[in-house]
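Report on one structure; see the data block that follows.
The values are calculated or read from the model by the stated rules, or taken from the named source; none is laboratory data. Small disclaimer: the values here were computed from a predicted structure and weren't measured. So basically every Cβ, Gly included, is an ideal-geometry build from the backbone, and we count neighbours across all protein chains shown.
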Amino acid sequence: MPGSWPLARRSQALAQRGAIFNRIRMFFHEKGYLEVETPFRIPAPAPEAQIDAIPSDGWFLQTSPELCMKRLLAAGYPHIFQICRCWRDGERGSRHLSEFTMLEWYRAQADYQVLMAETEELVRAAAGSESIDYRGHKVDLSLPWERITVRDAFLRHTDTTAEAALADGSFDELMVERIEPHLGLTRPTFIYDYPASCSALARLKASDPTVAERFELYIGGLEIANAFSELIDPVEQRARFEAEAAERAAQGKLTYPMPEKFLAALSGMPEAAGIALGLDRLVMVLLNADCIDDVVAFTTEEL
């Protein structure tokens with residue numbers, strides 16, 4: 001049948017994808033996490049300057065289930081996870097989909113260091129092996145994984161500092177072009193302690209408030225996950241949202257309503273850590289796929 005070949009040739013990848021998802025769910029159920037579902041269509045996403053939501057009849061398709069899941073934390077659900085669809089406008093490429101599958105989990109009374117260790121457990125469980133091959137690199141999943149601060153990564157891989165790169169506007173470019181290609185090539189790498197200005201929803205580090213308790217996980221040069229110790233101060237969070245909204249306006253981007261119900265719930269939220277992990281990307285890495293299109297049933301262009 002016309003158009004059926006791309007679907008048929010993915011059959012093995014989709015079977016392996018299903019097995020990976022089953023192992024992920026088993027991991028969380030065995031650790032006592034509650035699997036939750038939250039709405040895909042929401043009235044107000046987090047107003048982050050670099051993430052664009054897709055409008056949906058006056059509301060928005062979620063870019064992440066983060067705000068709703070944190071409201072569940074505030075309501076007394078201490079360990080929760082979700083596998084869901086998310087949407088981000090303008091994101092398409094060999095490693096990006098505008099509609100994609102996200103794994104998010106939140107753990108009360110934990111910080112980003114605790115979550116790093118749990119992420120190691122989760123990825124190893126999802127892989128079901130001690131090593132993988134990805135884009136010509138043999139990646140060792142045995143512990144310990146590499147951990148490097150953002151400051152040290154800039155000193156190691158660029159000719160400037162993270163602070164100077166922020167000041168001259170080259171931070172994101174240097175991260176993508178000079179640092180990311182070196183991360184996670186022989187073993188997964190956590191890059192952590194991001195500049196405070198790059199972490200709109202993360203708690204600042206008590207011993208160094210110029211950085212936030214945030215990390216990203218890289219495998220084979222590819223970002224897999226973003227996590228942090230959660231900011232639970234509603235006054236500070238509102239101020240950061242207002243700054244992000246102002247930046248969106250300055251860039252000529254669509255502005256969103258303030259997520260008032262989330263901000264109202266934040267004062268009741270316990271100390272916690274949370275993480276967003278791109279499942280399509282994780283499957284892509286575990287299956288050594290060349291393109292993210294190879295590990296999903298349909299791309300937008302095929303509909």
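Could you check how many residues of region 255-267 are at pLDDT 95 or above and in a loop (DSSP other than H, G, I, E, B)? Don't jump to the end; show me each part of the working.
Just the residues of region 255-267 that are at pLDDT 95 or above, to begin with: 256-266.
The next check asks that each one be in a loop (DSSP other than H, G, I, E, B); those that pass are 256-259.
Within region 255-267, residues that are at pLDDT 95 or above and in a loop (DSSP other than H, G, I, E, B) number 4.
Checking Ile51 against (1) part of a helix (DSSP H, G or I); (2) surrounded by 14 or more Cβ atoms within 10 Å (Cβ to Cβ), only one condition comes out false. Which one?
Result: Ile51 passes all but (1).
Might you let me know whether region 91-99 holds any residue that is closer than 24 Å to Asp280 by Cβ, without any contact (Cβ under 8 Å) to a residue 60 or more places away in the chain, touching a helix residue (DSSP H, G or I) at 6+ places or on another chain (Cβ under 7 Å) and of a type outside the set (Asp, Glu)?
No: region 91-99 contains no residue that is closer than 24 Å to Asp280 by Cβ, without any contact (Cβ under 8 Å) to a residue 60 or more places away in the chain, touching a helix residue (DSSP H, G or I) at 6+ places or on another chain (Cβ under 7 Å) and of a type outside the set (Asp, Glu).
So which residues in region 181-232 are over 17 Å from Met284 (Cα atoms) and acidic (Asp, Glu)?
Asp193, Asp208, Glu213, Glu216, Glu230, listed by residue number.
What are the residues in region 23-48 that are over 23 Å from Glu121 (Cα atoms), aliphatic (A, V, I, L, M) and buried (at least 19 other Cβ atoms within 10 Å of the Cβ), if any?
Answer for region 23-48, where residues must be over 23 Å from Glu121 (Cα atoms), aliphatic (A, V, I, L, M) and buried (at least 19 other Cβ atoms within 10 Å of the Cβ): Ile42, Ala46.
Against the conditions (1) surrounded by fewer than 21 Cβ atoms within 10 Å (Cβ to Cβ); (2) touching a residue at least 40 places away in the same chain (Cβ under 8 Å), where does Ile80 fall short? Just the number, please.
(1)
Would you mention how many residues in region 227-254 are assigned to a strand (DSSP E or B) and either modelled with pLDDT under 95 or within 17 Å of Ala53 (Cβ to Cβ) (or both)?
Within region 227-254, residues that are assigned to a strand (DSSP E or B) and either modelled with pLDDT under 95 or within 17 Å of Ala53 (Cβ to Cβ) (or both) number 0.
What number of residues within region 97-136 are part of a strand (DSSP E or B), over 19 Å from Ile83 (Cα atoms) and among the polar types (S, T, N, Q)?
1
Taking the condition surrounded by 13 or more Cβ atoms within 10 Å (Cβ to Cβ), in contact with a helix residue (DSSP H, G or I) (Cβ under 8 Å, 6 or more places away or on another chain) and not in a helix (DSSP H, G or I), does Thr63 pass?
Considered against the rule, which asks whether it is surrounded by 13 or more Cβ atoms within 10 Å (Cβ to Cβ), in contact with a helix residue (DSSP H, G or I) (Cβ under 8 Å, 6 or more places away or on another chain) and not in a helix (DSSP H, G or I), Thr63 comes out as no.
Taking the criterion of being under 17 Å from Phe190 (Cβ atoms), among the small types (Gly, Ala, Ser) and surrounded by fewer than 21 Cβ atoms within 10 Å (Cβ to Cβ), would at least one residue in region 67-74 satisfy it? Don't jump to the end; show me each part of the working.
Here is the first cut: in region 67-74, the ones under 17 Å from Phe190 (Cβ atoms) are none.
Within region 67-74, not a single residue is under 17 Å from Phe190 (Cβ atoms), among the small types (Gly, Ala, Ser) and surrounded by fewer than 21 Cβ atoms within 10 Å (Cβ to Cβ).
Scan region 19-39 and tell me whether some residue there is at pLDDT 95 or above, within 28 Å of Asp89 (Cα to Cα) and part of a strand (DSSP E or B).
Yes, region 19-39 contains at least one residue that is at pLDDT 95 or above, within 28 Å of Asp89 (Cα to Cα) and part of a strand (DSSP E or B).
Look at Val285 and say whether it is surrounded by 21 or more Cβ atoms within 10 Å (Cβ to Cβ), in contact with a Gly (Cβ under 9 Å, 6 or more places away or on another chain) and not in a loop (DSSP other than H, G, I, E, B). Spell out the reasoning first.
Working: surrounded by 21 or more Cβ atoms within 10 Å (Cβ to Cβ): yes; in contact with a Gly (Cβ under 9 Å, 6 or more places away or on another chain): yes; not in a loop (DSSP other than H, G, I, E, B): yes.
Criteria met by Val285.
Pairs only if they're at least six apart or on different chains, beta carbon under 7 angstrom, first in region 234-259 and of a type in the set (Val, Ile, Thr), second surrounded by fewer than 16 Cβ atoms within 10 Å (Cβ to Cβ) and part of a helix (DSSP H, G or I); list them, first residue then second.
If the second residue must be surrounded by fewer than 16 Cβ atoms within 10 Å (Cβ to Cβ) and part of a helix (DSSP H, G or I), the pairs left are Thr255/Ala249.
Restricting the search to region 1-18, which residues are part of a helix (DSSP H, G or I), at pLDDT below 95 and surrounded by 13 or more Cβ atoms within 10 Å (Cβ to Cβ)?
Pro6, Leu7 - these are the residues of region 1-18 that are part of a helix (DSSP H, G or I), at pLDDT below 95 and surrounded by 13 or more Cβ atoms within 10 Å (Cβ to Cβ).
Determine the pairs where a residue that is farther than 27 Å from Val296 by Cα, located within region 21-49, has a partner that is among the β-branched types (Val, Ile, Thr) and loosely packed, with under 13 Cβ neighbours inside 10 Å with Cβ atoms under 8 Å apart, the partner being 6 or more residues away or on another chain.
Pro47/Thr255
Take the conditions out of contact with any Pro (no Cβ under 9 Å at 6 or more places or on another chain) and either buried (at least 16 other Cβ atoms within 10 Å of the Cβ) or at pLDDT below 95 (or both) and apply them to Glu121. Does it pass? Walk me through how you get there before you give the answer.
Numbers: out of contact with any Pro (no Cβ under 9 Å at 6 or more places or on another chain): yes; either buried (at least 16 other Cβ atoms within 10 Å of the Cβ) or at pLDDT below 95 (or both): no.
When the stated conditions are applied, Glu121 does not pass them.
What are the pairs, 6+ residues apart or on separate chains, where a residue within region 190-210 that is on the phi > 0 side of the Ramachandran plot has its Cβ under 7 Å from a residue that is among the β-branched types (Val, Ile, Thr) and at pLDDT 95 or above?
Cβ pairs passing all conditions: Asp193/Thr149; Asp193/Val150; Asp193/Val211.
Take Asp89 and decide whether it is of a type in the set (Asp, Glu), in contact with a strand residue (DSSP E or B) (Cβ under 6 Å, 6 or more places away or on another chain) and within 26 Å of Ile292 (Cα to Cα).
Taking the combined requirement at face value, the residue satisfies it.
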